[in-house]
Amino acid sequence: MSDADERFEFGGDAPAREYGSVALVAGCVVAVLLATTLVPAAVSVGLGGAPAESLIPLPPGAAEGSAGGSAAGVRTGDGFGALNLGNQTSVGGSLGQSDGNPFRSQNTEVHFTVRSQESSYWRTGAYDTYTGDGWARSGPSDATAPVEGRQVSYRVKLARPTSTAPTVWRPTSVTQAEDLALTDGGLARANGSLPAGTSYVGVSRKPPRDPEVLRASGRDYPDAIEQRYTKLPPSTAVSLRPFTNNVTEGANTPYETAVRIEQWLEANKEYSLNVSEPSGENVARKFVTQMDAGYCEYFATAMTTMLRSQEIPARYVVGYSTGQQVGANKFQVRAMNAHAWVEVYFEGVGWVRFDPTPGSERLQQEERSYEESGASGGYSPQEEGSPGETFSSNPGRNNGTATATPADPGSGERTLVTPQPTPTAPGGQDDTPVPNDPTEPSTSDYEVTLNRTAVPGAAVEVSVTAGAKPVINARVKFDGEPVGRTDSDGTVTGRVPYTENLTVSVVGGRTGVAYNVLVSKNNRTRSFDVSTEATLSVSGDVATGESVLVTATVDGVPVGNATLTLDGEPVAQTGEEGQARVRLPESPGNVTLGVDREPVAGSRTLRLGGLTLSADPVWPLPIAGTPVEVTASLGNDSVAGAPVRVDGERVGETGVGGTFSARLPFESAVKVAVATEGQTAQTTVANPLVNAVGVAAGALALVVAGAVAVGRRSLRPRGLAVALRSAGRLVVRAFVGAAVAAASRIERTLDHLAALLAGERSLAELVQAFRAWAAAWANRLRRTADRQVGSTGDQRPGDAAGAESADSDAARVTVREAWGRFLGLVSVGRPWTKTPGQLADHAVSADGLPADAVATLRDEFRAVEYGPRSPGDSVPAVEAAIERIERSIESDIPPGEAEEPAAESEGSAAETGESPGETAGPAGESADEADGETDASEGDAGTERGGD
């Protein structure tokens, strides 16, 4: 086709038409640009009231201007989950990350681990500008709001790299990580990227979350907060405001408004990760009005924008939920815990977390993902979402939900409180008598109702009706004081006085504009009970010497100009907001806070915990040069950041769990002290030097015994192993036997002294008992010596009465020593915390000791210690049982060493060192050698064998 033909076919033969088409296109472009610029401006000043975005499609963020940072849908950060976030984020998209949308991820990889005094949400960022399809940052977030909450400390260890470190809102410091600091907006940011394995310590002040405190908060917001955090694109405001007005109708405070919105979302929207990304630019409007399900991004976006439509400051926040508790004060936070929620600003309190996402459903999804991943252990976290609300994957474990008054959640209907009327006598005649109109209802048909419970200081709306018609222009009085006249709806608002009973009087009025006469001069009254029981909420650290913020309310209404008392003594006066600061006493114990403004009164008891300190050795005994774990507690809470002193010298401070590892100096007694909240706790670690000397002596004895044993066995490996085992048992028996014997002796001595003080025994009887005990020990030592030299230990006659008592004491000690030897062979830590039955079961199942011998020892020990059996009757069975148990240990030699060639076992006396006639004992030992070792070990442990 020729150029001419082509021009002709497409109308190109008329150049004038080409110029006209170009001009038309250019004009359309100019028109669109002008409309894009002028229409939003017109709407912003109220021209026409048409939503600009509904007339002409606008690019994201055009209505509010550039939010700074990256372009729509693009993020400045790249990394793992919600750890690295940019200046702009979409809702329902992939967030520009290679691993997809982190808020839909059910990956169970651990992102970081936290050791914290308590569970919390781990915050990584906040956004202030709603763009229609997502959120953007216009600058640093506000972090200058009042902070009156409790202090919490935590240590975070990252398992993935990040540039934004998770913290608890609101952080006050981050330490122990290089190049990590807090920004003006309260974010923990690094200059570069924090590598995996980075650990840091954070300290935060959690804002008050007591519903009574929040319910008392008003709407006097700082200008900068209100202007920045209530802005919405025009189309969003126009579409959401009427709908939200209906949801929150009757809510009297910002807190009640927030709870109404949250409850409506939880009741009308399902939690699901399988939702399609909505098309268009107003995701909040589409989720609220069109979608049936969504996940955290949608819920948080909807609640934030609905709150802003009610002129309540709110912002969109991202980070991680609590995670899985895997130990005491330890939490593992995984990719699937990435989460979005809302922070609402409350006057005098600051930014408070609300979580509108259905909590139990979210945790159930996480639990299923955890089980499907094949991870070990169970997953059943319990979290605190919004104030007064806890939830878990098992809804039956939930401790409570947030509540709003006065209305049923999501009903959008006003709740009217209508107490039974108390008629009074007519009275209160007007100056100008007006005859009754027979067509008007009489005053007896009036119905007077209040829109809420009558509370002193509360603004209540009085409704006056006659039948179904509002009574207009009626004069209303509270306890005889004029309030005003009813309007066209038959309502008037007045403030309830401080009284126990409110009398509402109604005079005159008409039921429509067609009537121009008063109904009556008679005074119609109703009486309402007034709630006067005050509630006291305390914000801050409840500890000795601390200053706390006390809020006094009655049914959420502040009690202003009231006297606060501490243990009956006036200490402060509440302001109009019902709040005042009170400094708590320096001494621990219970204190009573009270509030009084006649007739309103209330009280609350606070427990100021005392500082307690423990210093537990890491080893079984406190030994100089070894560490002890210092634990500080204030009441039931661990104390973090408390300085620790050892013998007056500061050695460090307690960590997140209130613990610190301190090394013991070489002193006979060491004083450990901790100070915090004006209190000091001190404890003494006894005998670290003595124990160190004892351990050194024991080690030296082991070395000597080992050298002797090696010499006797001509350095044979088998003999060396036997010698080491024997030496180890010797030391264990010595310690355990000495401890058991000492405990027994101390117990009996205390019993004797108590009997002496009570007059049950005389001093002469005690002396006689001591002599009998000494004689018994002398007899035992003599018999042990006779046995060691091969004597038969013939018993010599003596005093019959003394011998019987001595033998009984000696037999009891023998049984206890045998039990102590048994404990030295059982692999149970802290055996004194177990029962004899538990120890016996462990010895058979875990340590492989002979069951019948263990059962005999257990039963005889029980019979002697807890039963009526005479100790002397149990000694033979006890000693036979313990010897069999010990022999089973000694014969436990690895395969290959149990038997030796016959030539070696039957060698000459010169080669083996054995005299003619000696027979080989276990593992190639001579019988005499084995017997000698047994006798020596038993003699050192202060024991004896039955039948000697």
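Each reported figure results from applying straightforward, stated rules to the coordinates on display, with no laboratory input. Please read these numbers as outputs of a predicted model, since none were measured by experiment. Ideal geometry is used to build each Cβ from the backbone, glycine not excepted, and the neighbour counts take in all protein chains shown.
Using the beta-carbon distance between Arg663 and Ser276 and R0 = 45 Å, what value does 1/(1 + (r/R0)^6) give for FRET efficiency, to the nearest 0.05?
Using R0 = 45 Å, I get an efficiency of 0.15.
Describe numerically, in nm with one decimal, the distance between label points set 7 Å from Cα along Cα→Cβ at Phe243 and at Arg830.
About 5.7 nm, to one decimal.
Going by how many other Cβ atoms sit within 10 Å of their own, how do Phe243, Phe660 line up, fewest first?
Phe243, Phe660
In whole angstrom, how long is each semi-axis of the equivalent ellipsoid of segment 535-603, when you take the square root of 5 times every eigenvalue of its Cα gyration tensor and sort them from largest down?
Here the semi-axes work out to 20, 12, 10 Å.
Would you please give the FRET efficiency between Lys330 and Thr144, computed as 1/(1 + (r/R0)^6) with r the Cβ-Cβ distance and R0 = 30 Å, to the nearest 0.05?
Using R0 = 30 Å, I get an efficiency of 0.35.
Net charge around Val91, counting only other residues with Cβ within less than 13 Å of its Cβ (Lys, Arg = +1; Asp, Glu = -1)?
Net charge around Val91: -1.
Mind listing the long-range amide H neighbours of Thr626? Cut-off is under 5 Å, sequence gap 5 or more, other chains count too, H placed in the peptide plane at 1.01 Å from N.
Amide H to amide H, under 5 Å and 5 or more residues apart or across chains, Thr626 pairs with Leu664.
Using Cα pairs under 8 angstrom and six or more residues apart, how large is the relative contact order of segment 535-603, in percent?
Once divided by the residue count of segment 535-603, the mean separation gives 34 percent.
How would you order 814-821, 613-620, 873-880 from highest to lowest mean count of nearby Cβ atoms within 10 Å?
Listed from highest to lowest mean packing, they are 814-821, 873-880, 613-620.
Which peptide among 528-534, 627-633, 121-127 comes first, and what is the full order, when sorted by highest mean count of other Cβ atoms within 10 Å?
Result, highest mean first: 121-127, 627-633, 528-534.
From the phi of every residue in segment 290-298, what ³J(HN,Hα) in whole Hz does the Karplus formula 6.51 cos²θ - 1.76 cosθ + 1.60 yield, where θ is phi - 60° and glycine or proline is x?
Rounded to whole hertz, the list is 10, 7, 9, 8, x, 10, 4, 4, 5.
List the pair-distance distribution P(r) of segment 88-397, using every Cα-Cα distance, as the percent of pairs falling in each 20 Å bin from 0 up to the bin containing the longest distance, rounded to whole percents.
Values per bin, smallest distances first: 34, 61, 5.
Over segment 539-696, how many percent of alpha carbon pairs lie in each 10 Å bin up to the one with the longest distance?
With a bin width of 10 Å, the distribution comes to 11, 31, 21, 16, 12, 7, 2, 0.
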